[in-house]
Structures are given as C-alpha cells and as structure tokens.
Amino acid sequence: MAHERYTRTNQKLYFAGLALEALGKAEEGAAMNAQALAQAGREAVLFHLYGALLGLCHEIAGFYRLADSNAPRAQVYLTRQTLEAAPNPELAELVELAQQPETWLAQLLAAFEGLFQPPREAPAKAKHDVTTPLIQALNLDEQEPAVLQVQTLEQWRQQLKALAIRFREGLSEC
C-alpha cells in the first residue's frame, strides 16, 4: 500500500462499503442473532465512515501543512479556530457542514458520538402490588431512538466519497 494520506481515506470508504453489505445481509437474515448482527454492522459502518472523514481531514491538513496534521479526532479540524488559523476552502466547507445540525455530516458526527454513550435505561417499573389497577397509563411521548437505515448510511458514504473526489481535484499540485 502506498504511504499517501489519501490511501487511508479510500480504505475506510471501501471498508464502510463492506460493512454496509454485511449490514444489509444481517437485516435480511432470519438468524437468531440477526438484531445483534445488524447493530454490529451499523456500528462498523459508522466507525469506518468516521475514519474516512478523519482521513479526508488528514489529507487537507497535510496539503496545507497545518500545525496539527496528525490529530486523532476529526472534530479537531472542524472548528472555527482551526479554520481561522489556516483558512482554506475545503476545511471551510467541512466546518460549515459540521456545524449545521440538519446536514449529513453533522448527523454522521452525532451518530458516531452516540456510539460512546451508555445505553438508555428503561423506565423504572413499580413493584407489583395487588392493590394497583390492572390498567396502566402509558406515556406515548417517549420514542425509541431512531435506528439508522442502510440507505442513510449509504447516502453518507456516497456524499463523503464525492466530497473527497471533489476536494482532491482542488488539492492537486499540477
């Protein structure tokens, strides 16, 4: 493998594609552990998409010779302070995408951060008492967290891939 920064981005995009295929098979399957396989697949896709984003940030940082070109987290690059220290159009676009919550990049970053959150606890249930009524009120306002769909993850992968290709055209030193 070449020792160029872009190879890591390409590798992570490829791995995300493989994880998406595995996720699709897990969701179609009727195996006893299909739900666990699907969750593992989602987490693998998010991990590789985040790695591809970090790789793209490393490409930009290496090209512009930013002070912290080997940062271990993409969020280091996606701040206004980093952009002000070394203004460039690619980083400006990434910062803009990351800071608007409705964009695919902000949603990708939020989903990745969600991987590190503890599981939500189930609401506490009262001990069974024979004097309690048989009919219980339910709170319908509480919603289950949305599960990322394969189509959403594939869209994120395609958008990240297109962004990398477009940025590379501008970063080439021809």
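Here are the numbers for this structure:
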quantity	calculated
Check on Gly51, crowded, with 20+ Cβ neighbours inside 10 Å and either assigned to a helix (DSSP H, G or I) or not charged (D, E, K, R) (or both)	no
Residue in region 97-119 that is part of a helix (DSSP H, G or I) and either at pLDDT below 80 or among the aromatic types (Phe, Trp, Tyr) (or both) present	yes
Pair list, Cβ < 9 Å and 6+ apart or interchain, from region 8-26 residues that are within 12 Å of Lys161 (Cα to Cα) to residues that are outside any helix (DSSP H, G or I) and of a type outside the set (Asp, Glu)	Gln11/Met1
Neighbours by Cβ (under 7 Å, 6+ apart or cross-chain): first from region 141-155, more than 14 Å from Gly41 (Cα to Cα); second at pLDDT 90 or above	Gln155/Trp104
Any pair with Cβ under 6 angstrom, 6 or more apart, that starts in region 91-116 at a residue that is within 21 Å of Gly62 (Cα to Cα) and touching a residue at least 24 places away in the same chain (Cβ under 8 Å) and ends at one that is outside any helix (DSSP H, G or I) and not acidic (Asp, Glu)	Leu94/Leu78
From Glu21, Glu28, residue being over 22 Å from the mean Cα position of the chain (by Cα), farther than 17 Å from Gln159 by Cα, surrounded by fewer than 18 Cβ atoms within 10 Å (Cβ to Cβ) and not small (Gly, Ala, Ser)	Glu28
The lone exception for Asn70 - which of (1) closer than 16 Å to Thr152 by Cα; (2) not in a helix (DSSP H, G or I) it fails	(1)
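The values are calculated or read from the model by the stated rules, or taken from the named source; none is laboratory data. The shown structure was predicted, so the numbers you read here are calculated from the model rather than taken from an experiment. Every residue, glycine among them, receives a Cβ derived from its backbone with ideal geometry; neighbour counts consider all protein chains shown.
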